[in-house]
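Everything below concerns the one structure shown next.
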Amino acid sequence: MGVVDRNRRRKIQREAEGYLELGLPRHALAALGRLGDPTSFDAHCMYLWGESLRALQRYEEALLPLEQAAQADPDNIHVWIALGWCYKRTGRLDMAIEALEAALIAQPEEALLHYNLSCYLSLAGKKQRSLEHLRTALEIEPEYRRLIDEEPDFDPLRGDPDFQALCQGQRVV
């Protein structure tokens, strides 16, 4: 690929990123479409493609580009988070859990990964693992405690004394 092609690709990537930041995923897809065949996209363009589809709530369609982006760039936690989001919304909670567990390999100290994994584990009925990841998320980033009350993914655990103690800042064994 020549310099002009690389510069054009970078410009289109920045354009698509800008559209996503502005909440205009259709425009982002249109920009990415100017790059040609999506099968030739690099990991970042695949992520942008998948993220645009996710923003449009086209979760099933978003899976393939996000899976390819995750495979090509396994250290990019944003890809894994988007992938987990789409798996959850397509009824594949087990795959959502696997995606965030894979992301934790790259970024074990990322509170957002622990928090989201805790949510998915809660929905899957895996209380102990959910509490472990929630505890870790809160140790890394105590501000996440303010999100718990409004998080419907924790509804399966709301009545649990261990969950309540953890939410109140008490140590749970």
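Quick one: residue 105 ticks every box in (1) open to solvent by 60 Å² or more (accessible area, probe 1.4 Å); (2) part of a helix (DSSP H, G or I); (3) within 28 Å of residue 17 (Cα to Cα); (4) modelled with pLDDT of 95 or more bar one, so which box is it?
(4)
Collect the residues in segment 115-141 that are assigned to a helix (DSSP H, G or I) and either aromatic (Phe, Trp, Tyr) or more than 20 Å from the chain's Cα centre (by Cα) (or both), keeping them in residue-number order.
Listed by number, the residues that qualify are 115, 120, 127, 128, 139.
Hey, could you check segment 49-79 for residues that are under 12 Å from the mean Cα position of the chain (by Cα) and farther than 22 Å from residue 22 by Cα and say which is surrounded by the most Cβ atoms within 10 Å (Cβ to Cβ)?
Per the criteria, the residue is 70.
In segment 118-162, what residues are among the β-branched types (Val, Ile, Thr) and either farther than 16 Å from residue 100 by Cα or open to solvent by 70 Å² or more (accessible area, probe 1.4 Å) (or both)?
140, 148 - these are the residues of segment 118-162 that are among the β-branched types (Val, Ile, Thr) and either farther than 16 Å from residue 100 by Cα or open to solvent by 70 Å² or more (accessible area, probe 1.4 Å) (or both).
Any chance you could count how many residues in segment 1-32 are closer than 17 Å to residue 62 by Cβ and either within 22 Å of the chain's Cα centre (by Cα) or open to solvent by 40 Å² or more (accessible area, probe 1.4 Å) (or both)?
The number of residues fulfilling the criteria is 13.
Listed here are the residues, each with its yes/no results for (1) at pLDDT 95 or above; (2) of a type in the set (Phe, Trp, Tyr).
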position	(1), (2)
22	yes, no
26	yes, no
47	yes, yes
69	yes, no
74	no, no
92	yes, no
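The values are calculated or read from the model by the stated rules, or taken from the named source; none is laboratory data. All of these numbers come straight from a predicted model, not from anything done at the bench. So basically every Cβ, Gly included, is an ideal-geometry build from the backbone, and we count neighbours across all protein chains shown. Ligands, DNA and RNA are stripped out before the accessible areas are found, and what is left, the full protein with its side chains, is counted by its heavy atoms. Shrake-Rupley method; radii C 1.70, N 1.55, O 1.52, S 1.80 Å.
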